[in-house]
Amino acid sequence: MFPGTDCHGTPITERAKQEGKSPAEIAEYYHKEFVETFNKMNFSYDMYSETETEYHQEKVKEIFKKLYDNGYIYEKIEPQAYCPKCNKFLQDREIQIKCPECGETTKGDQCGNCNYTPTMEELKNGVCLECGTVTTEENNKNLYFELSKFQKEIASNTDKCKHLWRLNARNETEKYLKQGLKDRAVTRDLDWGVDIPLDGYENKRMYVWIEAVLGYITDTMKLCEDAGTSWKDYWGEGHNNKIYMSHGKDNIVFHSIILNGLLLGLEENMHMVDVIVSTEYLNINDEKISKSKGNGITTLEMIEKYNSDSIRYHIINNGPEKKDTNFTLDDFERTHNSEILNKFGNLINRTLKFKGLEEIVKSDLDEAVESEVKKAYKEVGADIESLEFKAATDKVMQLVEFGNRYYDEKQPWIQKKENEEKFNKIIYNCVYIIANLSNLFEPFMPASCQKIRESLELGKPCWEPVDISGNIKLENIEPLFNRI
């Protein structure tokens, strides 16, 4: 699992100018913020990297040179947008145009409305975003990657794997394949980024789209090098691996098409991307989240006030899995109070904090309870593997509801007075459900599940029914959730 911070590209240099800082300072500031965010949200990964490391840059240059030596990177002199007032060639993100696909006014790197990526030709007659001057054209020398050469192989991999992809990934990728893949520039006129390992390109930097996606490979190289293993055990063909890519919908083609093209260009029989987990957009209060509008709320701000597991559960259960969705604090608080606290928290509290209960006594399992738990593992696991995360959280919560119904129907408060053996069996079955909820909820609410396992003396989470061993003393059971 390799997430990481993309430290290069025009957005970094733009922010640096706005704040009067260096691009390196901006990249490092946000890198630290991202790491803090993911750690506090209990993300787990093998390594969280950044593309500013010397290791990444040296390995990327080696890969770039291999693609060049294999004949897939070539020089091209062509007209490029130039601002006569700023006296410089402009990058696509520095140009404002009318999108040729949907007609919306947008930056030239990618349409913010329909995600279309304009060609160099379509950037003509744009406007310089820095000074407002209409651009002219001047000849410029760049290197291009021959993506068009891999149309057949990429289309074949898409056909083979697309049943494992979200619908937006299938549609977006097939749209580009239908249009015919076009070669893409791999150099830019920037002074911030990875150097080009070829003579004559000392004043240019690697285009971030090629350098950033190769971070998945350079991260694998680093981890395997440190462990004394081979990175090709993961990226080479012939191994029983699946490569998953997880991102927002504006990054689909960089993973479904471009990364696969780069892998093919290495000519080393590389394993291409198998599964694409691509989300739609999350809006806030019926608006697109916008830094300029200042209408967003950061995860770190949320964590200061709210339970991280509740944030995780709500975003997964109400997130933009198949369509753009809307976030409001009112909706989030309702999810926490009515779903997480009143259902999940209530089942745990009423069971483990039952008045006078000091230990869980080993007893017999009800057949219905055992059946429901087994069914949950099977169905929730299938939903996760099918990228149906909302459905998975719904099914785990259905087991919570089953547990609460079981508790109500069996009436342990009455059996406590009338039949101690029946009371112990009811509590034991409820605890069995809770113990297995600590596995089933682990992908969604890991901090709470860890507390449950500690209270019930359970081992590490696993994806199969678990039972409690022997009688368990209950001490210092604290509520997992508090009402908002």
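Just so it is clear, none of the values below were taken in a lab; they were calculated from the coordinates. Computed from a predicted structure; not experimentally measured. Every residue, glycine among them, receives a Cβ derived from its backbone with ideal geometry; neighbour counts consider all protein chains shown.
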Practice prompt. Along Cα→Cβ, 7 Å out, is where each label goes; now give me the distance between the ones at GLU25 and GLU379 in nm to one decimal.
Written response: 5.6
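Quick one: net charge of GLU370's neighbours, Cβ under 11 Å, K/R +1, D/E -1?
Summing Lys/Arg as +1 and Asp/Glu as -1 gives -3.
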Discussion item. Across the chain, what fraction of all alpha-carbon pairs, as a whole percent, falls in each successive 20 Å bin from zero upward?
Written reply: 20, 47, 25, 8, 0
Worksheet item: Taking 0.36 nm per residue of separation and subtracting the Cα-Cα distance, what length does fully extending GLU401 through GLU121 add?
Response: 95.0 nm
Discussion item. What distance in nm lies between label points placed 7 Å from Cα along the C-beta direction at GLN96 and ASP408?
Written reply: 5.8
Worksheet item: Per the helix-only calculation at 222 nm, which mean residue ellipticity applies to the chain, given -39500 (n - 2.57) for every DSSP H run of n ≥ 4 and division by its residues, nearest 500 deg cm²/dmol?
Response: -13000 deg cm²/dmol
Discussion item. Compute the helix-to-body angle for 167-179: its Cα long axis versus the longest principal axis of the chain, expressed 0 to 90° and rounded to tens.
Written reply: 20
Practice prompt. Give the relative contact order (percent, whole number) for the stretch 237-322; include only Cα pairs under 8 Å separated by 6+ residues.
Written response: 31
Response to the item:
Residue separation between SER44 and ASP159 times 0.36 nm, minus their alpha-carbon distance, gives in nm 38.3 nm
Discussion item. In the stretch 245-260, whose amide N lies under 15 Å from the spot 7 Å out along Cα-to-Cβ of LYS288? List them in ranges.
Written reply: 249-251
Practice prompt. Indicate the gyration tensor shape class of the stretch 73-145 (rounded, prolate or oblate), computed on the Cα atoms with a ≥ b ≥ c the square roots of the eigenvalues: a/c under 1.5 is rounded; otherwise a/b larger than b/c is prolate and the rest oblate.
Written response: oblate
Worksheet item: What FRET efficiency do you get for THR328 and ASN349 if R0 is 41 Å and r is their Cβ-Cβ distance, rounded to the nearest 0.05?
Response: 0.90
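If you rank PHE327, PHE34 by fewest surrounding Cβ atoms within 10 Å, what's the result? Walk me through the numbers on the way to the answer.
Values: PHE327 20, PHE34 16.
Fewest-to-most ranking of PHE327, PHE34: PHE34, PHE327.
Is the stretch 272-401 best put as rounded, prolate or oblate by its Cα gyration tensor, with a ≥ b ≥ c the root eigenvalues, rounded for a/c under 1.5, and otherwise prolate when a/b is larger than b/c, oblate when not?
Details: a/c = 3.09, a/b = 1.52, b/c = 2.03.
Oblate is the answer for the stretch 272-401, as a/c is 1.5 or above yet b/c matches or exceeds a/b.
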Worksheet item: What angle do you read, to the nearest 10 degrees and between 0 and 90, between the alpha-carbon axis of helix 389-410 and the longest principal axis of the chain?
Response: 10
Practice prompt. Within the stretch 59-79, find all residues whose amide N lies under 16 Å from a label point positioned 7 Å from the Cα of GLU137 along Cα-to-beta-carbon.
Written response: 76-79
Item to complete: Would you mind checking LYS288/LYS390; LYS61/LYS293; LYS305/LYS460; LYS21/LYS293; LYS32/LYS323; LYS32/LYS395 for any pair whose Cα atoms are more than 32 angstrom apart?
Response: LYS61/LYS293; LYS32/LYS395
Worksheet item: In the chain, which cysteines lack any other cysteine Cβ under 4.7 Å from their own?
Response: CYS7, CYS131, CYS161, CYS224, CYS430, CYS449, CYS462
Item to complete: Once you have all Cα-Cα distances for the stretch 299-473, histogram them in 5 Å bins from zero and send the whole-percent values.
Response: 1, 8, 17, 21, 20, 14, 10, 6, 3, 1, 0
Worksheet item: Of all DSSP beta bridges located in the chain, what percent are antiparallel, nearest 5?
Response: 75
Item to complete: Using only Cα atoms, tell me the angle between helix 215-227 and the longest principal axis of the chain; keep it within 0 to 90° and round to the nearest 10.
Response: 60
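Where the eigenvalues come from the Cα gyration tensor of the stretch 46-181, what are the semi-axes √(5λ) of the equivalent ellipsoid, largest first, in whole Å? Can you show the working numbers first?
Values: eigenvalues 165, 103, 57 Å².
The three semi-axes for the stretch 46-181 are 29, 23, 17 Å.
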